């Protein structure tokens with residue numbers, strides 16, 4: 001199985017190619033195989049990943065460059081990559097490990113906060129984001145599209161299945177998301193951090 005994971009990692013790495021506008025990476029293909037894993041909620045409009053070694057995720061988290069700069073660095077944001085008008089490119093290589101976490105709270109304008117048992121955290125550094133599987137589409141139950149109704153959101157104190165995610169940035173950019181972050185190539189500990197450990 002380790003050989004399969006290594007081969008998939010090497011193949012994924014081959015898709016990451018630099019050009020003058022940044023990293024183009026693996027093209028957005030609307031979850032066509034082999035990157036056909038979906039979470040069943042809003043993250044699917046800017047992620048493509050596959051299952052490796054049984055229950056591990058490997059894939060990409062996408063951004064789109066907005067055409068401006070912040071302190072000389074190109075500005076990017078998540079986009080709805082399944083829409084033709086959005087030009088998405090790889091922002092991060094994503095690795096995921098199956099986990100469960102307890103929903104704590106969601107402050108508007110930030111990622112939802114999750115509580116994870118310390119014993120469930122992997123020894124490898126960088127797994128600082130948890131994302132749930134299936135519904136609701138967003139933490140508050142909205143679809144974030146005009147004219148839609150709420151379907152019920154994440155319930156504080158409830159435990160949900162999902163994945164702990166490790167994101168490795170492939171280029172330097174200013175990520176216009178939840179206040180804004182300067183992203184440097186390498187393991188990203190900041191832009192999507194949303195877990196607390198052994199919460200009371």
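The values are calculated or read from the model by the stated rules, or taken from the named source; none is laboratory data. This one's a predicted model, so the numbers in the text were calculated from it and none came from an experiment. All Cβ positions, even for glycine, are placed from backbone atoms using ideal geometry, and neighbour counts span all protein chains on display.
Data table
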| quantity | calculated |
| --- | --- |
| Residues of the stretch 86-104 satisfying the condition of being within 13 Å of the chain's Cα centre (by Cα) and surrounded by fewer than 18 Cβ atoms within 10 Å (Cβ to Cβ) | 97 |
| Checklist (1) modelled with pLDDT of 95 or more; (2) within 18 Å of residue 45 (Cβ to Cβ); (3) crowded, with 16+ Cβ neighbours inside 10 Å applied to residue 176, failing item | (1) |
| The lone exception for residue 107 - which of (1) buried (at least 18 other Cβ atoms within 10 Å of the Cβ); (2) over 14 Å from residue 163 (Cβ atoms); (3) over 13 Å from the mean Cα position of the chain (by Cα) it fails | (1) |
| Residue check, residue 96 in contact with a strand residue (DSSP E or B) (Cβ under 8 Å, 6 or more places away or on another chain) and either in a loop (DSSP other than H, G, I, E, B) or closer than 28 Å to residue 155 by Cβ (or both) | yes |
| All positions within the stretch 110-146 that are out of contact with any helix residue (DSSP H, G or I) (no Cβ under 8 Å at 6 or more places or on another chain), modelled with pLDDT of 90 or more and either assigned to a strand (DSSP E or B) or surrounded by 20 or more Cβ atoms within 10 Å (Cβ to Cβ) (or both) | 112, 113, 114, 115, 116, 127, 128, 129, 130, 132 |
| Among residues of the stretch 49-75, those that are over 15 Å from residue 166 (Cβ atoms) and crowded, with 22+ Cβ neighbours inside 10 Å, counted | 2 |
